[in-house]
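The values are calculated or read from the model by the stated rules, or taken from the named source; none is laboratory data. What you see is a predicted model; the values in this text were computed from it and never measured. All Cβ positions, glycine included, derive from the backbone under ideal geometry; neighbour counts span all protein chains shown. Side chains are part of the model used for accessible areas, which takes the heavy atoms of the whole protein and leaves out ligands, DNA and RNA. Shrake-Rupley method; radii C 1.70, N 1.55, O 1.52, S 1.80 Å.
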Amino acid sequence: MSRRSLRKFKNGVFLTLSLFATLTGLACLAAILWTLLSHGLAGMSWHLFTQMTPPPGSSGGLLNAIYGSAVMTLLGILIGSPIGVLAGTYLAEYGRSSRLSAVIRFINDVLLSAPSIIIGLFIYEIVVVRMGHFSAFAGALALAVLAIPVTLRTTEDMLNLVPSGMKDSSAALGAYPWRTTLSVLYPAARSGIVTGLLLAISRISGETAPLLFTALNNQFWSTDLDGPMANLPVVIFQFALSPYKEWQDLAWAGALIITATILVFSISARVLLALLQAERGSGR
Amino acid sequence: MIPHSLKPPKHLKMRAPTASAEPVTDLGPPKIEIRALNFFYGAVQSLHDINMTLADRSITAFIGPSGCGKSTLLRVMNRMYALYPNQRAEGEVLIGGADILAPTVDVAELRYRVGMVFQKPTPFPMSVFDNVAFGLRLAGGIRLADLKLRVESALRDAAIWDEVKDKLQADGRSLSGGQQQRVCIARAIAVQPEVLLLDEPTAALDPISTLRVEETLQALREKYCIVVVTHNLQQAARVSNVTGFMYMGELVEIGPSGQIFTSPQQRRTDDYITGRFG
């Protein structure tokens with residue numbers, strides 16, 4: 001075999017291997033989605049959105065769980081994202097090269113990849129134990145802790161993408177850093193920061209472990225933030241493990257709802273990023 | 001080093017190679033005086049004992065090979081370098097008689113008086129109008145009617161009014177590169193600074209846009225002390241009244257542009273402008 005055809009052969013082998021790996025990954029994803037759709041669609045009905053989670057052996061819906069998930073996710077984002085965005089702003093604009101920033105960045109990376117059950121236990125220790133009972137508020141706090149590192153990282157990255165000339169130009173007009181940040185940098189990085197928020201929502205809306213120890217679950221309709229609250233992930237967890245057919249069907253339906261919601265948020269994030277790039281492109 | 005005089009000797013006939021710059025006869029009084037200026041990036045010294053005087057109502061161009069310190073010199077004049085860590089200037093830079101390097105100087109206020117335009121156009125993510133109004137709004141206390149007048153006159157002075165008057169509410173980033181750069185110049189002059197610094201303002205522009213910006217500078221010369229750094233020798237010859245040649249962090253020679261480009265006093269200047277190096 002000549003040298004050239006040997007190289008060609010190696011290239012072919014490598015191409016085949018990487019193609020195979022890609023297809024394997026895609027096949028797994030397709031299988032998951034297919035299973036979810038085939039089981040979940042069967043359980044889809046209006047009752048899901050109008051009735052409460054039922055006792056064993058009877059039919060019902062997921063209204064209280066959907067409501068609880070929405071409330072705790074929203075509250076989690078409202079508490080977590082300002083902290084993440086402001087901390088990201090500090091890292092990108094004020095303390096870019098300070099030692100404190102290096103420490104914060106490291107801790108944030110650890111937090112980003114920390115198992116969410118640890119976060120749940122942490123909130124359990126400092127909130128649930130002290131208050132003496134499970135609560136939706138504690139659940140939202142646990143989700144907020146999960147949202148912080150995601151928003152922090154994307155905010156820092158997106159602010160770093162803003163051309164430094166823009167910042168210098170603002171400073172050259174006599175603007176103090178806070179004014180530059182609010183009037184120039186945030187608008188310039190707006191779509192990127194919003195993308196980070198959407199990603200954070202996707203991340204926390206499917207979390208089960210942090211809610212197990214904090215919001216627990218609630219069979220009934222409850223809007224009390226100071227008490228246990230139903231939520232989709234924990235309901236799915238409980239119902240899927242049960243021997244009852246009705247509960248298992250509801251678990252599939254709930255899983256489909258969460259997946260669809262996350263898909264919508266992820267696609268929105270993608271579209272926003274694409275818009276951002278188009279904006280940059282036309283900015284030449 | 002003795003500060004170089006700006007006034008050319010009376011007997012010297014001024015003739016720039018591509019003469020469109022005015023003869024140096026009507027320059028204003030001294031505006032910027034630099035004395036014994038040294039500049040350091042960390043431990044590396046990048047400006048060595050710079051001394052000179054720049055006149056008001058004139059365009060001074062600085063030329064020299066990359067890394068010669070001309071941009072650094074510009075960034076000292078509005079203390080832009082202070083935004084970055086480990087950079088420091090020693091010596092005196094007097095603008096209107098006051099030393100701007102003094103630690104008591106409020107840099108935001110200084111930069112309000114000393115405008116700057118950068119190599120790449122940097123329109124802010126807002127409308128053309130808001131871009132130009134940005135500095136004026138920072139200062140505050142201006143009525144909307146006055147704001148509109150000031151924005152219009154700045155855009156007129158920057159020779160961009162006719163092109164943007166119908167799209168003042170369009171995003172600044174939707175304009176062409178040349179238009180963006182003139183909007184940036186309008187933004188810088190809207191606050192009526194005492195000094196206007198331009199760091200290779202046409203390096204990212206096409207020839208037509210470059211011509212427009214150069215015409216803009218010519219028109220602004222009547223009102224401002226303008227300092228421009230450029231890689232383009234023809235541009236320096238075309239637009240400036242005074243040219244300084246810098247090399248390895250030193251100011252080799254500064255004088256009337258006609259003289260620098262036809263009969264420079266220093267061998268190194270001659271070598272550079274005739275293309276033997278750089």
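Among the residues of the range A:80-108, those identified as of a type outside the set (A, V, I, L, M, F, W, C) and out of contact with any Pro (no Cβ under 8 Å at 6 or more places or on another chain) are A:G80, A:S81, A:P82, A:G88, A:T89, A:Y90, A:G95, A:R96, A:S98, A:R99, A:S101, A:R105.
Can you tell me which residue within the range B:115-162, out of those that are aromatic (F, W, Y) and in a helix (DSSP H, G or I), is farthest from the other protein chains (Cβ to nearest Cβ)? The selected residue is B:W161. The numbered conditions (1) open to solvent by 50 Å² or more (accessible area, probe 1.4 Å); (2) modelled with pLDDT under 90 are all true for B:R137 except (2).
Of the helices (runs of 4 or more DSSP H) that lie entirely inside the range A:138-230, those containing 3 or more residues that are away from chain B (no Cβ under 13 Å) span A:190-205, A:209-212. Looking across A:W247, A:W221, A:W178, one residue alone is surrounded by fewer than 17 Cβ atoms within 10 Å (Cβ to Cβ) and touching a helix residue (DSSP H, G or I) at 6+ places or on another chain (Cβ under 6 Å). It is A:W221. From the list B:A102, B:A82, B:A98, the one residue that fits, being surrounded by 15 or more Cβ atoms within 10 Å (Cβ to Cβ) and small (G, A, S), is B:A82.
Among (1) open to solvent by 60 Å² or more (accessible area, probe 1.4 Å); (2) in a helix (DSSP H, G or I), there is one condition A:P56 misses while meeting the rest; what is its number? Among (1) open to solvent by 60 Å² or more (accessible area, probe 1.4 Å); (2) in a helix (DSSP H, G or I), the lone unmet condition for A:P56 is (2). Run down B:E250, B:E194, B:E222 and say which single residue is of a type outside the set (G, A, S) and either closer than 30 Å to B:R276 by Cβ or crowded, with 21+ Cβ neighbours inside 10 Å (or both). Of the residues listed, the single one that is of a type outside the set (G, A, S) and either closer than 30 Å to B:R276 by Cβ or crowded, with 21+ Cβ neighbours inside 10 Å (or both) is B:E250. The residues of the range A:95-120 that are β-branched (V, I, T) and under 22 Å from A:N160 (Cα atoms), listed by number, are A:V103, A:I104, A:I107, A:V110.
Can you go through A:R105, A:R130, A:R96 and tell me which one is open to solvent by 50 Å² or more (accessible area, probe 1.4 Å) and within 14 Å of chain B (Cβ to nearest Cβ)?
Values: A:R105 fails: within 14 Å of chain B (Cβ to nearest Cβ); A:R130 fails: within 14 Å of chain B (Cβ to nearest Cβ).
Only one candidate passes the filter, namely A:R96.
Would a scan of the range B:1-19 turn up a residue that is buried (at least 16 other Cβ atoms within 10 Å of the Cβ), at pLDDT below 95 and touching a helix residue (DSSP H, G or I) at 6+ places or on another chain (Cβ under 6 Å)? Yes, some residue in the range B:1-19 is buried (at least 16 other Cβ atoms within 10 Å of the Cβ), at pLDDT below 95 and touching a helix residue (DSSP H, G or I) at 6+ places or on another chain (Cβ under 6 Å). Checked against (1) under 26 Å from B:L27 (Cβ atoms); (2) open to solvent by less than 10 Å² (accessible area, probe 1.4 Å); (3) among the polar types (S, T, N, Q); (4) at pLDDT 90 or above, B:S153 meets all criteria but (2).
Of the residues that sit in the range B:264-278 and are of a type in the set (S, T, Y) and modelled with pLDDT of 90 or more, which one is least open to solvent (accessible area, probe 1.4 Å)?
Per the criteria, the residue is B:T269.
Being hydroxyl-bearing (S, T, Y), open to solvent by less than 20 Å² (accessible area, probe 1.4 Å) and under 20 Å from A:M158 (Cα atoms) is a property that A:T73 lacks.
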